[in-house]
1. For the stretch 388-537, what D do you get in µm² per second when you plug the Kirkwood radius from alpha-carbon pairs into Stokes-Einstein at 10 °C and 1.306 mPa s?
2. How large is the accessible surface of E149 in square angstrom, using a 1.4 angstrom probe and rounding to the nearest 10?
3. Which whole-number percent of Cα pairs in the stretch 269-346 have a distance greater than 20 Å?
4. Tell me which DSSP H helices of the chain clear both cut-offs, 24 Å or more of axial length from alpha-carbon atoms and a mean Kyte-Doolittle hydropathy of at least 0.0.
5. With a 1.4 Å probe and every protein chain left in place, work out the accessible area per residue of the chain in Å², rounded to a whole number.
6. Once ligands and nucleic acids are excluded and a 1.4 Å probe is used, how much of K98 is accessible, expressed in Å² to the nearest 10?
7. Grab the other residues whose beta carbon is less than 10 angstrom from that of P527, score K and R as +1, D and E as -1, and report the net.
8. With all protein chains present, how much of the accessible area of the stretch 222-407 (probe radius 1.4 Å) comes from carbon and sulfur, to the nearest whole percent?
Amino acid sequence: MLTDHWKGIHRLVGLILFFSILSPLNAQELPILEKKVSITSENESLENLLKRLSQKVGCVFSYSSSVIDVKRTYSGTFNDQPLRLILEELFAGGVEAKQKGVYVILSPRQISKKELVVSGYVVDENTGKAIRDATVYDPITLKSSITDEFGYFQLAIKNPNLDSVRLVVNKKDYGDTLLVNDQLNPFQKVLLKTSEVDLEGVGKSLAKPMKDAWQWTKKSMGSTNLENVSDTLYRKVQVSLVPFIGTNRKLSGNVINDYSFNVWGGFSAGTNKVELGGLFNINKGDVKFLQMAGLFNLVGGAMQGVQMAGLTNVVLDDTRAVQMGGLGNFTSGSLQGVQLGGVLNLATKEVKGAQLGGVANYAHSDLSGVQVAGILNIGNRIKGSQIGLFNYADSISGVSIGLLSVVRKGYRQVEVGADEVLPLNFAFRTGTRNFYNILSAGFRPDFTDSVTWAFGYGVGAAPRLGKKVFMNIELSSSQMNLANVAALNLINRAYIGLEYQFGKNIGIYFGPSINWRLYDTGFQHHPDMFTYANPRIQNENSPREGSFASQMWFGGRAGLRIY
């Protein structure tokens, strides 16, 4: 027991010592070159000044006095400045400083015609504090760098024009700065002024929904550039592997391209002519005239032309195009063109054209054109047609064709009437007068244990003949049963009649019909067809028992309708 007790104490002490040693190692020590120093010198040799600096920051300077002149003198004062900046000032940009452990290695700065390395600090002009995550870029090569927590940046420019180098410095909420220097100093201290925020411009910005749709880019260098850089750049052609890895580099979100080719996917400010993506294309702004992707296209601006994707196309502004998506298409602006989706098409504003969906179409606002879907069409105010299994519209001036169509401000009637077969029939009509659906049911109150009843479906149209007079042209089919539905006994009816509205919400109807009955002769318990009327059978086909027989006769219907 005692031995186990001491073992536990030893483990506890060991853990305390381990974390005591580990904590200082985990604490991120301030780099020597970023340590702030205050120092004054009066005609002091650089050799002696370096010794004093080494004592203040706790480092050892390593250099060759044969290539670096430390005998010359310097006069000046530095107040709370980083060691890197002090060294740049002391040697007039002619020395490059690198840290290795406690050593700071000083070597002559080499200027190459093939590559120019520019470095420096970006600070707030008013406060003097370092500005983190500022963008420094070359507008010619689009090479860019982001400042670190000390405001420091380093940018390598390939094949520079040494006579005149231009760099742009941007930071969100700060004014843009353009550095132009005929003899560019490789080390720069850039002062940025704060600028007023244009709230209206921010509210209208299309960059925000793009970044919201791609959360994974929010912490990336490319997204930081997107926030900082307000300039729009232009390129004829760009090629990228994935967003921010391509010929437009980290500034791809600020570049509008004529031709854009993305191996897997790409992100740009817009496209003027053609964009092709192996998997996806994302554009912050407008796109025209052709955009194709294996999976999806996402456009933050307007789309004009043709947009094709294996899965889906999304446009956050107006669409003047043909959208073809294997899964679906979505536009949050107006649509003028065609949406062709394997499953779903969605438009949140005005539509002028066609929505063709394998399963469903949805138009939130006005639609002038046609909706065709395998199952469901939903529209608001429609000038045109809906063709689908189920259709819904607020109002429609054309035709709504389907198994069931509901128009909120359309045609609806409840009917109570009789015909030559059943003395009591009920029907519900819904749709438009140009085309409506009929759901019907009827029964005959026989004084037996079993009830004769029927249910059916039909379609019709009701053209206007006068102020209160309409014609009804209908085709319907009803299954007639005795108690249960046991065998086929179908009455198919063509009806042409008149409807007279003698009141605001009530009217009467009457008219002749031609009927064709199809029934199973193998079933012996069909209900009697005629019990209170005896129409003449015009034609009867009675083949051998066990197959189907038919009858045809003329009849009529009459009754009351409530609107």
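The values are calculated or read from the model by the stated rules, or taken from the named source; none is laboratory data. In this text the structure is predicted, and so the values were computed from the model without any measurement. A quick note on method: Cβ atoms are made from the backbone with ideal geometry, for glycine too, and the neighbour counts reach across all protein chains shown. To get the accessible areas, we keep the full protein, side chains included, count just its heavy atoms, and leave off ligands, DNA and RNA. Shrake-Rupley method; radii C 1.70, N 1.55, O 1.52, S 1.80 Å.
1. Once the numbers are plugged in, D ends up at 96 µm²/s.
2. 90
3. Above the 20 Å cut-off, the stretch 269-346 has 13 percent of its Cα pairs.
4. Going by DSSP H runs, the hits are 2-26.
5. 51
6. In the full protein context, K98 sits at about 120 Å².
7. -1
8. Percent of accessible area from carbon and sulfur atoms in the stretch 222-407: 68.
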